[in-house]
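Data block below; observations after.
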Amino acid sequence: MSTVHLSAITKQFGKVTAVEGLDLIIKEGEFFTFLGPSGCGKTTTLRMVAGFYYPTKGVVKFNDRDMTTVPPEKRNTGMVFQNYALFPHMTVFENVAFGLKVRKMSKAETKKRVEDVLRKVRLDQYMERQVSQLSGGQQQRVALARALVIEPDILLLDEPLSNLDARLRDEMRAEILRLQKEYQITTIYVTHDQVEALTMSDRIAVFNFGKCQQVGTPTEIYNEPVNDFVAEFIGETNLLPVREAASGESLRSFHADVLGGEVSVNNTSLNIAGYTENDDLMMSVRPEAVEVSGQRVTGANVFPGRVKMVQFTGAAVHTYVEMNEQLTLVGTALNQGPSTYLKEGADVFVRLPEDQIRIVPKAGV
Ligand code: ATP
């Protein structure tokens, strides 16, 4: 097993800076996810760990060993690609055995190892089948087996589930986690799917524009986003520009305009991400914290609005409320039955509970 240290990593492709000034430590046995939108540098970073790219600047270490310019075949990493990259006309056995053949392992040892790993991914019945005759999920298992059979120190997975349908994706998520725990292998997983990242990871690094925005556990990232980009990318949130931030000795107050009044937040020091005086600030309120009611509501931060759209998802109901021409807020409530559903066009009251509002700086680019 290995730790992975990335120090001050920058990768340029001509004029394009794909990754900039990245520092990360991935711990032994950790399931670590690179999460971010398309083009933010996740795959480039993974490829620098695998050795397919060398950084323009910075150092890659496995434990204390400098790996920055060590070629991929000397790193003992196992990689699973988005498109699996299997040999379609070879059998399952031949595909999985390929890496061992290259390493000149004896036939007997190869057979034992391949059979062992195919049992672990539950494909031992398919050993002689050609890969082209397998389903997508089965091909994914072959790709996993091929990565694991070499007993890698680090497992690298690049969007491995994006070609599968929703149900199979769920199944394979559980399967990958089971194997990762069984092998106790340091794993880096690349995805743009926030649910995948939240449900699978020990820790997540959120990327945007080649820079790491935040590193944390799934609950830290969701509950304590460090800026508006992270708040919006992980789950949904309502963002309101802060008009004014006043600081006193013990009282800090923030205000945002809403038709019919202003949202005010006082004394929320626990709920404020680090920011400097000059930062542009936003209020972030998760939809599940927003109360939308057909009845008059009393208390602070209550505003009138009109229901624009109701989205039924089964377990939950999202209600989009128009507050003014520029501002629509969304509230999400658990499905409490048809009598509780609000109708489009209904006049409602929206409450933004003060202790659920997080003040975040705008992400710099
Ligand atoms: P996706 O989820 O779409 O794969 P990503 O976050 O993995 O995106 P990267 O593939 O790492 O993003 O790309 C980061 C940036 O670097 C993008 O602007 C991309 O166009 C650029 N880039 C990546 N590989 C190369 C390359 N070989 N040559 C030139 N530019 C590249």
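If the requirement is being at pLDDT 95 or above, open to solvent by 10 Å² or more (accessible area, probe 1.4 Å), among the β-branched types (V, I, T) and near the ligand (Cβ under 8 Å from one of its atoms), which of these qualifies: T44, T3?
T44 is the lone residue from the list that is at pLDDT 95 or above, open to solvent by 10 Å² or more (accessible area, probe 1.4 Å), among the β-branched types (V, I, T) and near the ligand (Cβ under 8 Å from one of its atoms).
Pull out all pairs, ordered by first then second residue, where Cβ-Cβ is under 9 Å, the residues are six or more apart or on different chains, the first lies in the range 9-26 and is more than 14 Å from K42 (Cβ to Cβ), and the second is surrounded by 14 or more Cβ atoms within 10 Å (Cβ to Cβ) and acidic (D, E).
As it stands, the answer is T10/E20; Q12/E20, since those pairs meet every condition given.
Has the range 25-36 got any residue that is surrounded by fewer than 21 Cβ atoms within 10 Å (Cβ to Cβ) and within 11 Å of the ligand (Cβ to nearest atom)?
no
For D355, which of the numbered conditions (1) closer than 19 Å to E224 by Cβ; (2) crowded, with 18+ Cβ neighbours inside 10 Å fails to hold?
It is condition (2) that D355 fails.
On the basis of being open to solvent by less than 60 Å² (accessible area, probe 1.4 Å), in contact with a Phe, Trp or Tyr (Cβ under 8 Å, 6 or more places away or on another chain) and assigned to a strand (DSSP E or B), does V330 make the cut?
yes
With (1) open to solvent by 20 Å² or more (accessible area, probe 1.4 Å); (2) within 15 Å of the ligand (Cβ to nearest atom); (3) at pLDDT below 95 as the list, and T17 as the residue in question, which single condition is left unmet?
(3)
Show me the strands (runs of 3 or more DSSP E) found entirely inside the range 197-242 where at least 2 residues are more than 11 Å from the chain's Cα centre (by Cα).
211-216, 238-241
Please work out if L144 is within 16 Å of the ligand (Cβ to nearest atom) and over 25 Å from E236 (Cα atoms).
Answer is no for this residue.
Please specify each residue of the range 122-179 satisfying the condition of being in a loop (DSSP other than H, G, I, E, B) and among the polar types (S, T, N, Q).
Once the filter is applied, which keeps residues that are in a loop (DSSP other than H, G, I, E, B) and among the polar types (S, T, N, Q), the range 122-179 yields S135, S162, N163.
Between residues in the range 32-47 that are part of a strand (DSSP E or B) and residues that are within 6 Å of the ligand (Cβ to nearest atom), which pairs lie under 6 Å by C-beta distance while being six or more apart or on different chains?
Here the result reads F34/K42, each pair linking the range 32-47 to a residue that is within 6 Å of the ligand (Cβ to nearest atom).
Yes/no matrix, rows are residues, columns are (1) more than 15 Å from the chain's Cα centre (by Cα); (2) exposed (fewer than 15 other Cβ atoms within 10 Å of the Cβ):
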residue: Q125; (1), (2): yes, yes
residue: L157; (1), (2): no, no
residue: L164; (1), (2): yes, no
residue: Q194; (1), (2): no, no
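Identify, please: which residue in the range 166-192 is touching a residue at least 24 places away in the same chain (Cβ under 8 Å) and of a type in the set (D, E) and is, among those, surrounded by the most Cβ atoms within 10 Å (Cβ to Cβ)?
Here the answer is E175.
List pairs: first in the range 77-88 and in contact (Cβ under 8 Å) with a residue 40 or more places away in the chain, second within 14 Å of the ligand (Cβ to nearest atom) and part of a loop (DSSP other than H, G, I, E, B), Cβ under 6 Å, 6+ apart or cross-chain?
These pairs meet every condition: V80/P160; Q82/E159; Q82/S162.
Quick test for you: out of L239, L198, pick the one residue that is over 13 Å from L35 (Cβ atoms) and either open to solvent by less than 40 Å² (accessible area, probe 1.4 Å) or touching a residue at least 12 places away in the same chain (Cβ under 8 Å) (or both).
L239
The values are calculated or read from the model by the stated rules, or taken from the named source; none is laboratory data. No experiment lies behind these values; they were computed from the predicted model shown. Note that each Cβ is placed from the backbone with ideal geometry, even for glycine, and that neighbours are counted across all protein chains shown. Side chains included, ligands, DNA and RNA excluded: accessible areas come from the protein's heavy atoms. Shrake-Rupley method; radii C 1.70, N 1.55, O 1.52, S 1.80 Å.
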